[in-house]
Amino acid sequence: PLPLSWPSHKGWTGAAPPLHIGYVTSHFTSSSIGREMLFLIASHDPSKYRVHCYALNSDDGSWLQHTWRAEIAKVCHKFVDASGMSDRAAAEAINRDGVSALFDLNGWSGGHRQGILCDRPSPVQINYKNWVASSGIPSLHFNVGDKVSTPPEFQRDFTEGMVLVPNSYFISGHKYQYR
């Protein structure tokens, strides 16, 4: 694992500094994950959060992929095309960016790069969206779901701790799409 080095906020007297959140996936496209994430990322308050997105796939230039990818890049603080980076280089970039909470949106689906997570570039790493089962990866700390997709009685089968959101962990972009 990478040695974690985070800026010290010792002696800080102002408002809490923004929390750096990272999302890593090969689904920053017109896929259901990409569409949901656009809405989620756009809803982050920039005075409280800095959102970093790490794309594991390159932009293929197609209208569907390029358009959604460009929209996601507009609403985040930093968008990184990590498709040409080694797992280690991508992990180092995430670590350098000071990401405090890193969300893996791939699980074991196509295009995953679990080697990045194994280097533990962030102090908190979370399995979210595309893999409702346990990842089985010890470097992931939490799995986000709901009581239907990840029933609490199956907690013993997860290597991650469960974070169950009320109602549904699916995201609605209605407010963002129709403003």
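The values are calculated or read from the model by the stated rules, or taken from the named source; none is laboratory data. Bear in mind that the values here come from a model prediction, so they are computed numbers and not experimental data. As a convention, Cβ positions derive from the backbone with ideal geometry for all residues, glycine included, and neighbour counts pool all protein chains shown. The protein model used for the area step is the full one, side chains on, heavy atoms only, and it has no ligands, DNA or RNA in it. Shrake-Rupley method; radii C 1.70, N 1.55, O 1.52, S 1.80 Å.
Which of the residues spanning segment 36-74 are over 14 Å from the mean Cα position of the chain (by Cα), in a helix (DSSP H, G or I) and surrounded by 14 or more Cβ atoms within 10 Å (Cβ to Cβ)?
GLN65, HIS66, TRP68, ARG69, GLU71
Which residues, counting only those in segment 40-63, are touching a residue at least 60 places away in the same chain (Cβ under 8 Å) and over 20 Å from LEU117 (Cβ atoms)?
Passing the criteria: ALA42, SER43.
Look at segment 18-35 and say how many of its residues are modelled with pLDDT of 80 or more and in a loop (DSSP other than H, G, I, E, B).
Counting residues in segment 18-35 that are modelled with pLDDT of 80 or more and in a loop (DSSP other than H, G, I, E, B) gives 5.
Count, please, the residues in segment 120-161 that happen to be of a type outside the set (Lys, Arg), open to solvent by 70 Å² or more (accessible area, probe 1.4 Å) and under 20 Å from LEU56 (Cβ atoms).
1
Kindly indicate whether any position in segment 83-100 is of a type outside the set (D, E, K, R), in a strand (DSSP E or B) and closer than 19 Å to LYS129 by Cα.
No, segment 83-100 contains no residue that is of a type outside the set (D, E, K, R), in a strand (DSSP E or B) and closer than 19 Å to LYS129 by Cα.
Against the conditions (1) at pLDDT 90 or above; (2) surrounded by fewer than 19 Cβ atoms within 10 Å (Cβ to Cβ), where does LEU117 fall short? Just the number, please.
It fails just one condition, (2).
Looking at segment 77-89, which of its residues are more than 10 Å from TYR54 (Cβ to Cβ) and either touching a residue at least 12 places away in the same chain (Cβ under 8 Å) or open to solvent by 60 Å² or more (accessible area, probe 1.4 Å) (or both)?
Across segment 77-89, the qualifying residues are HIS77, GLY84, SER86, ASP87, ARG88.
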